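One structure is given here, and the rest of the page talks about it.
What follows is calculated from the coordinates using simple rules that are stated; it is not laboratory data. None of these values were measured; they are calculated from a predicted model. Every residue, glycine among them, receives a Cβ derived from its backbone with ideal geometry; neighbour counts consider all protein chains shown.
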Ligand SMILES: NC(=O)c1ccc[n+]([C@@H]2O[C@H](COP(=O)([O-])OP(=O)(O)OC[C@H]3O[C@@H](n4cnc5c(N)ncnc54)[C@H](O)[C@@H]3O)[C@@H](O)[C@H]2O)c1
Ligand SMILES: [Zn+2]
Ligand SMILES: [Zn+2]
C-alpha cells in the first residue's frame with residue numbers, strides 16, 4: 001500500500017517551494033516508513049532550492065527531522081514500529097574502504113531508501129540528503145533511523161539530524177576542541193551556534209563568535225561565546241588575534257563557507273592550529289593562498305561533513321546530555337511552523353531573523 005501525504009516540493013531552480021501531495025511507498029527490504037513529527041529548516045534546503053547542490057529537480061526538501069517509525073520492511077532489525085528516531089544522512093554501509101578500516105564516520109557509500117517517492121503523476125522526487133522530511137511521512141533506509149530517548153522534544157531532537165550535529169561535531173569531532181582551548185567560530189547561524197555549544201561542552205576557555213549581524217552575535221553569546229566580533233565593524237583576524245594574546249585561536253571554524261571567511265579562518269588561527277570548514281561553498285567559489293603560509297603555519301586544514309558524526313554513537317549521547325540539562329538545545333528552536341510556512345521560513349533565514357524554524361505537526 002502506498003501513502004498519499006502532503007509535502008514541500010521544490011520543482012524549479014529559484015522558484016518558491018510548493019505544497020504537493022506525494023506518494024510514499026510502503027517500506028521494502030531494508031527500508032523504514034517514518035511518521036514525521038518535526039523537521040527543521042536548514043540553509044542546505046535553501047541551497048537545494050537555489051540549484052546550488054544539483055539539478056535533480058523536483059526535490060523533496062527537509063532533512064533535520066525526528067519522527068516515529070510506522071513500519072519497517074523485510075530484514076530490518078535495528079528499529080521497530082513505535083521507535084522514536086532522529087533521521088540521519090549517514091547510514092553507514094559497513095563494507096566500503098572507510099568502514100572496513102573502522103572509520104565509519106567517513107563511510108563513502110551511505111544508504112538511502114531504494115524505492116522512490118513520487119509526485120502523483122509518477123515523477124520521481126529527489127529527497128534532500130536522502131531524507132525528504134518536510135512531509136507527513138517519508139521513506140528512508142532503516143539505517144537512517146537512529147533511536148533516541150522519546151522524552152526529548154521532537155523539534156529539538158530533529159535538529160541533531162543535520163545542522164546542530166554538524167556544528168557540535170565540527171568542534172568536538174573534527175576540530176578536536178578540548179579543555180582550555182581557544183576557539184573562534186565565523187558565522188553564527190544554527191551551525192555556527194552549535195559549534196559554540198560544542199566548544200563549550202568540550203571545555204574551551206575562550207570562544208569567539210564572529211558574524212556580520214549583531215542579533216546573531218547576541219544569540220551566540222547566549223549559547224556560550226565569551227567574546228563577539230562584528231566583522232562589518234572590526235577586522236576579524238586582528239580581533240581574534242587580539243583576544244588570544246596576539247596569537248590566533250587553536251581552532252577556527254568557518255560556518256559560512258565563502259572564500260573570504262575561509263581566508264579569515266586561515267589567518268586567525270594560531271601556529272599549528274586547526275581550521276575546520278563546515279559551511280558549504282558553491283561550485284563557482286575558489287581560493288588562492290600563499291603555499292608558504294599553508295606550509296609555514298603548520299597545523300591542520302580540515303573540512304567537516306556532518307560533524308564527522310557517527311549517528312549511532314553521537315545522537316543518543318547528545319540527547320542524553322540535553323535531557324540532563326548539560327547541553328541547551330532548546331535555544332536553537334526559534335519558531336514552530338506548519339508545512340505551508342517553509343517558503344516564509346527561508347525568507348526569515350535570509351533576513352537573519354531565526355536560528356531554526358521548525359515544522360511541527
Ligand atoms: N558540513 C555540513 O555537514 C553542514 C551541515 C548543515 C549545514 N551546513 C552549512 O553550514 C552553513 C551554515 O548553515 P546555517 O544553517 O547555520 O545557516 P544560517 O543562514 O542560519 O547562518 C549563516 C550565518 O552566517 C552569517 N554570515 C554570512 N556571511 C558572513 C560573513 N561574511 N562573515 C561572518 N558571518 C557571516 C550570517 O549572518 C548567519 O548568521 C551553510 O553553508 C550550510 O549549508 C553544513
Ligand atoms: Zn561504508
Ligand atoms: Zn541541514
Please give the contour-minus-distance gain from residue 74 to residue 221: 0.36 nm per residue of separation, less the Cα-Cα distance, rounded to one decimal in nm.
-> 48.1 nm
Computed, not fitted: 222 nm per-residue ellipticity of the chain from DSSP H runs ≥ 4 (each -39500 (n - 2.57)), nearest 500, equal to -7000 deg cm²/dmol
Among bridges DSSP assigns within the chain, what percent are antiparallel (round to 5)?
-> 55 percent
Calculated FRET efficiency, residue 336 and residue 178, Cβ-Cβ r, R0 51 Å, to nearest 0.05?
-> 0.90
Counting alpha carbon pairs within less than 8 Å and at least 6 residues apart, what relative contact order, in whole percent, applies to the chain?
-> 17 percent
Full extension from residue 232 to residue 120: what is 0.36 nm times the residue separation minus their Cα-Cα distance, to one decimal in nm?
-> 35.5 nm
What is the Cα centroid distance between segment 40-75 and segment 318-356, reported in whole angstrom?
-> 17 Å
For residue 95, put the label point 7 Å out on the Cα→Cβ axis and report which residues of segment 18-38 keep their amide N under 20 Å from it.
-> 28-32
Please arrange 54, 77, 304 by counting, for each residue, the other beta carbons lying within 10 Å of its beta carbon, fewest first.
-> 77, 54, 304
Expressed in angstrom and rounded, the centroid-to-centroid distance over alpha carbons for segment 158-213 and segment 239-302 is 15 Å
